[in-house]
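The values are calculated or read from the model by the stated rules, or taken from the named source; none is laboratory data. The model shown is predicted, which means the values in this text are computed figures rather than measured ones. No Cβ is skipped: glycine too gets one built from the backbone with ideal geometry, and neighbour counts run over all protein chains shown. These area figures cover heavy atoms from the full protein model, side chains too; ligands, DNA and RNA do not enter into them. Shrake-Rupley method; radii C 1.70, N 1.55, O 1.52, S 1.80 Å.
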Amino acid sequence: MSKTPKEGKPSKKKDSKFIKKMKQKIYAWHRNIGIITIIPVIFWTLSGLMHPFMAHFFKPTIANERLEVKTIDKTQLTFSIQEVLAKNNITEFRNFRIVSFNNTTFYQVKTVNGDLLYFNTSDAKKIENGDQKYADWLSRYFLDDQKSPIVKTDLVTEFTSQYKYINRYLPVYKTTFDRPDGMEVYVETSSSKLATYNPKSRQAFIWFFDVFHNWAFMDAISNNAIRIVVMILFLSIIFLSALSGIVIYGLFWKQFKKTDSLAPKKGLRKYHRQIGIWISLFTLTFAFSGAYHATTKWDPYVLDKMVYEPIFETKDIATPNNQIAIDWNRLENMSIMTLNDSVYYRCQLAEIKNKYDTSKTDSKPKWDNKKENPKPEIVYINTTTNKVAPNLDLEYAKFLAFYFSDAKSSKPACCEMDSETESKPSLEKATLLEIKVITEFESREYGFANKRLPVIKLAYDTPENTTYFIETSTSRLAAVIENSDVREGYSFAIFHKFLFMDWAGKNIRDLSMVLAALTVLVVSVLGLILFSKKK
């Protein structure tokens, strides 16, 4: 006698042949594309795990990260810049400033062909090989190491596998020291700034990260475009693998739960499923943001060429620089610039520190002695009239924004055109929405990766909400941000670097990122083991 279903309990509906076939295909697809990407995943997760460890937990330290700025001793400027140039038969130059090292004050002069020459301000004599000597002095200063021998000093004019574009500054000098840590120090002599520093441990990490995270090994057998395409292809496959896993263990979970009740899955298979469904979101976000970020690498890096450097005639600068009407007790440095057919000395004055709030009962001055970046006062003095031109730094920044907007829409070579080249800036009709002096890095507006400070922010009302960050001290474009850059930047910061965890502090944020990458690695390895057992 045949059995009948229990009264009131409906019979289970079986899947159609099409649904069963589709489930089988998706499962097979998940297994196959997963195995294709196992090696790239291992490369990316292992190198990704090292990044927060090396960049934060085991970050090397250096004695001085910036050069202490001191006021200029006017008595050291025996000769003016005009006299020094005339005595050395230099009729044209691009700029100058004042530097001090080895207990001597020098004019650092940038020639028409871009070389940096050094002349003693006391006797107008040129110091031979001055730029390298200054680079060595800066490197020793930043390290606070006057004893270790210098193995060699190299001029770096383009980014390399050890000196990546993230460091921004070019050209720089690399000074290698004979020390147990094999320290290499990179400095930009034109601004007296530290670019980066790499002991042996960090050199090894940079190599590992460059090879296994950025896939630099492909540059030896192909080119940048092919490398980016291959990376995006694999990241897309990883994305699809994680997505298919979600479909299998998420949308079809009831089906697998039913089969598990008949033949319970134990050990590796159980853990692969359980961990995989929980961390699939991290896999999706890592893969998506990584691929999105890779698309920004198509265009060559040109910020190092975005500099305005007109040629000045020595005879046209009327007022000697050592006779300008300025508060010499506060003068930290000077250079020269041109705006609206006039030539000016750009003078940097030290911050006045006796302006503090006396309304408090505490007798301690209220200026912030812990500020990493002081806020100097910038004064422009007309070289013809020897009079101060007020608020000219902001006007100069706006001029440079116009200049670079025109250069940005043309070939990079236009950035090196002289001041007489006619141009029609694309921002001419755009409304300036915001102008702001930035003296500190801020992750959501102008992050540490941009390197240069202080800068002036200029936000314009354009379809792309174009924002320029100008370093007026060097007449350089520090950064230009548009809507597309903001979208990609937030995607990478939030999904790849866990910016959403900033509220918990950098330590917790980096630890969260390490754990997420580690779980992705574990799930991938479990999948590989399961696949090998199936064979």
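Among the residues of the stretch 94-143, write down those that are polar (S, T, N, Q) and in contact (Cβ under 8 Å) with a residue 12 or more places away in the chain. Once the filter is applied, which keeps residues that are polar (S, T, N, Q) and in contact (Cβ under 8 Å) with a residue 12 or more places away in the chain, the stretch 94-143 yields N95, S100, N102, T104, T105, Q108, T111, N120, T121, S122, Q132, S139. What about T153, is it touching a helix residue (DSSP H, G or I) at 6+ places or on another chain (Cβ under 8 Å), of a type in the set (S, T, N, Q), touching a residue at least 24 places away in the same chain (Cβ under 8 Å) and within 18 Å of S191 (Cβ to Cβ)? No. Has the stretch 199-212 got at least one residue that is under 28 Å from G290 (Cβ atoms) and modelled with pLDDT of 95 or more? No, the stretch 199-212 contains no residue that is under 28 Å from G290 (Cβ atoms) and modelled with pLDDT of 95 or more. For the stretch 475-498, name all the residues that are among the hydrophobic types (A, V, I, L, M, F, W, C) and either surrounded by fewer than 18 Cβ atoms within 10 Å (Cβ to Cβ) or within 30 Å of F404 (Cα to Cα) (or both). Listed by number, the residues that qualify are L477, A478, A479, V480, I481, V486, F492, A493, I494. The set of residues in the stretch 459-507 being part of a helix (DSSP H, G or I), touching a residue at least 24 places away in the same chain (Cβ under 8 Å) and out of contact with any Ser or Thr (no Cβ under 9 Å at 6 or more places or on another chain) consists of K506, N507. For the criterion of being among the aliphatic types (A, V, I, L, M) and surrounded by 21 or more Cβ atoms within 10 Å (Cβ to Cβ), V229 fails. When only residues in the stretch 163-218 that are of a type in the set (K, R) and in a strand (DSSP E or B) count, which is nearest to I39 (Cα to Cα)? Top of the filtered list is K174.
Residue check: is E83 within 30 Å of M513 (Cβ to Cβ), modelled with pLDDT of 75 or more and open to solvent by 70 Å² or more (accessible area, probe 1.4 Å)? The answer is no for E83. Looking at N386, N382, just one residue is open to solvent by less than 50 Å² (accessible area, probe 1.4 Å), at pLDDT 90 or above, on the phi > 0 side of the Ramachandran plot and not aromatic (F, W, Y), and that residue is N386. Pick from the stretch 169-208 the residues that are open to solvent by 30 Å² or more (accessible area, probe 1.4 Å) and within 17 Å of the chain's Cα centre (by Cα): which of them is nearest to S100 (Cα to Cα)? Checked the stretch 169-208; the qualifying residue nearest to S100 (Cα to Cα) is K193. Suppose the filter is of a type in the set (D, E, K, R), modelled with pLDDT of 95 or more, over 20 Å from T319 (Cβ atoms) and part of a loop (DSSP other than H, G, I, E, B); does D154 pass it? No, not satisfied. What residue, among those in the stretch 43-75 that are assigned to a helix (DSSP H, G or I), open to solvent by 40 Å² or more (accessible area, probe 1.4 Å) and at pLDDT below 85, is farthest from A216 (Cα to Cα)? My answer is F57. Just one of the listed residues (S100, S190, S201) is more than 27 Å from A479 (Cα to Cα), in contact with a strand residue (DSSP E or B) (Cβ under 9 Å, 6 or more places away or on another chain) and among the small types (G, A, S), namely S100.
Quick one: would you say S443 is buried (at least 19 other Cβ atoms within 10 Å of the Cβ) and among the hydroxyl-bearing types (S, T, Y)? Taking the combined requirement at face value, the residue does not satisfy it. For T467, the conditions (1) touching a Phe, Trp or Tyr at 6+ places or on another chain (Cβ under 9 Å); (2) farther than 26 Å from Y403 by Cα; (3) polar (S, T, N, Q) are fulfilled apart from (2). Taking the criterion of being open to solvent by less than 20 Å² (accessible area, probe 1.4 Å) and either at pLDDT below 95 or of a type in the set (A, V, I, L, M, F, W, C) (or both), the residues of the stretch 114-126 that qualify are F119, A124.
When K297, K315 are checked against the criterion of being more than 32 Å from the chain's Cα centre (by Cα) and not hydroxyl-bearing (S, T, Y), a single residue qualifies: K315. Checking T78, T111, T104, T91 one by one, the residue that is over 30 Å from F282 (Cβ atoms), open to solvent by less than 30 Å² (accessible area, probe 1.4 Å), among the polar types (S, T, N, Q) and at pLDDT 95 or above is T111 and no other.
Which is hydrophobic (A, V, I, L, M, F, W, C) and closer than 21 Å to L67 by Cβ, of V156, V151, V112? Only one candidate passes the filter, namely V156. Can you pull out the residues in the stretch 282-334 that are assigned to a loop (DSSP other than H, G, I, E, B) and β-branched (V, I, T)? Matches in the stretch 282-334: V302, I311, I317, T319, I324, I326. When the test is whether a residue is surrounded by 18 or more Cβ atoms within 10 Å (Cβ to Cβ) and in a loop (DSSP other than H, G, I, E, B), R452 passes it. Which of the residues that make up the stretch 468-511 are touching a His at 6+ places or on another chain (Cβ under 9 Å) and of a type in the set (S, T, N, Q)? S491, N507 - these are the residues of the stretch 468-511 that are touching a His at 6+ places or on another chain (Cβ under 9 Å) and of a type in the set (S, T, N, Q). Here R168 does not fit the description of being at pLDDT 95 or above and farther than 22 Å from G130 by Cα.
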